Amino acid sequence: MHRRQFLNNQNQKLLADFFVLPLWRVFDFFIPKNKNYWAFAVHHIKSEQFIENARAIFEQVKSDPSIKKIIFTRGGKHEFFIDQASNYQIVKIYSFEGLYLFAQCKVIFLTHSISMDYSLRFGNKFFSVVKPKLSNRIIVNLWHGIALKKLLALTNTAVKKQTDRVGFRRKERAFYTGLITSSAIDSYAMATMFYPIKYENVWVTGYPRNDFLVKNLQEIPSYFRESVDKLSRIKKDKRLLDVA
């Protein structure tokens, strides 16, 4: 059974790499991009999660009917607890509809990279990289934290080789419209780690997800409020210490 599934996943990857995606790249090259089509992605491994800075940006614009907000998943019915949103869609990227919509997206938000966030996954062993045309898009990398792993990669050849094993990851960095960072000091490190990005495209914005910490309870998404309420019931009148 496991061998049969392994072969099935392998065949799906071969089909994607040598037929579906080459045809899609031709289609993507010619189809017009819509500036009001914004692409968001679920976690590149934990596909049931739509979180981090991408989720914070989505929450900020979710009620804007002029923006078509498209959340690309890898299948399965997952509850993302989206409320009070308009003009949004959840679609599996490896589907006719998903690839068609992705080709139309002018704005693409990332958490890691295009080659990770929008990759096609076939089991735990195989994946295929979707390679959209980069020059006519607005690509914003919302990076998920201070890049300690990337710093390690700069000093460790084995880690760097593993991190950059997909050549498209390096290529796409030169086309980023923006890469957000947490501070001016962090921006210098990020510019180095995301070479060949231009330094003027490194934005010192802080992380959007941190905005949830300073908003009034009534202003944060309902699924966050439920978590806060649960935590309040647990701790009652005790103080909560974060020792992480």
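Every number here is computed from the coordinates shown, using simple stated rules; none is lab data. As the structure is a prediction and not an experimental result, all values here were calculated from the model. For neighbour counting, all protein chains shown are included, and Cβ atoms are generated from backbone atoms with ideal geometry for every residue, glycine included.
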Non-local amide H neighbours of Thr205 (under 5 Å, H modeled in plane, Pro and chain starts lacking H): which ones?
-> Thr181
Computed lengthening from Gln104 to Arg233, 0.36 nm per intervening residue step minus Cα-Cα distance = 41.9 nm
Taking the Cα centre of the range 1-134 as origin, sum charge times position over the Cβ atoms of Lys and Arg (+1) and Asp and Glu (-1), and report the length of that vector in debye to the nearest 20.
-> 420 debye
So how much slack lies between Leu15 and Glu226, counting 0.36 nm per residue of separation and subtracting their Cα-Cα distance, in nm?
-> 71.6 nm
Binning at 10 Å from 0, report for the chain what percent of all alpha-carbon pair distances ends up in each bin.
-> 7, 27, 34, 23, 8, 1, 0
Dipole-positive endmost among Thr111, Trp38, Phe212 within the chain (Cβ charges, Cα centre) | Thr111
Please list the non-local residues whose amide H lies under 5 Å from the amide H of Ile138, H modeled 1.01 Å from N, same-chain partners needing a gap of 5 or more.
-> Val107, Ile108
Expected sort for 123-133, 210-220 on mean C-beta neighbours within 10 Å, highest first, is 123-133, 210-220
Any idea how far apart Asn216 and Thr192 come out in nm if each label point goes 7 Å out from Cα toward Cβ?
-> 4.4 nm
Could you sort out which of Lys62/Lys171; Lys13/Lys125; Lys131/Lys171; Lys77/Lys125 sit more than 20 Å apart by Cα distance in this structure?
-> Lys62/Lys171; Lys77/Lys125
Write down the percent of antiparallel bridges among all DSSP beta bridges whose residues are both part of the chain, to the nearest 5.
-> 10 percent
Obtain the nm distance between the two label points defined at Ser183 and Lys125 by a simple spin-label model: each point lies 7 Å from its Cα along the Cα-to-C-beta direction.
-> 4.5 nm
Take the alpha carbon atoms of the range 196-218, find their center, do the same for the range 29-72, and report the distance between the two centers in whole angstrom.
-> 16 Å
Within the chain, helix-based [θ] at 222 nm, where runs of 4 or more DSSP H residues each add -39,500 (n - 2.57), nearest 500 | -11000 deg cm²/dmol
Dipole moment magnitude, nearest 20 debye, the range 1-76 about Cα centre, only Lys, Arg, Asp, Glu C-beta charged = 160 debye
Magnitude of the charge dipole, the chain, Cβ model with Lys/Arg +1 and Asp/Glu -1, debye to 20 | 760 debye
Within the range 20-152, what percent of beta bridges assigned by DSSP are antiparallel, to the nearest 5?
-> 15 percent
Relative contact order for the chain using alpha-carbon pairs under 8 Å, separation at least 6, rounded to a whole percent?
-> 17 percent
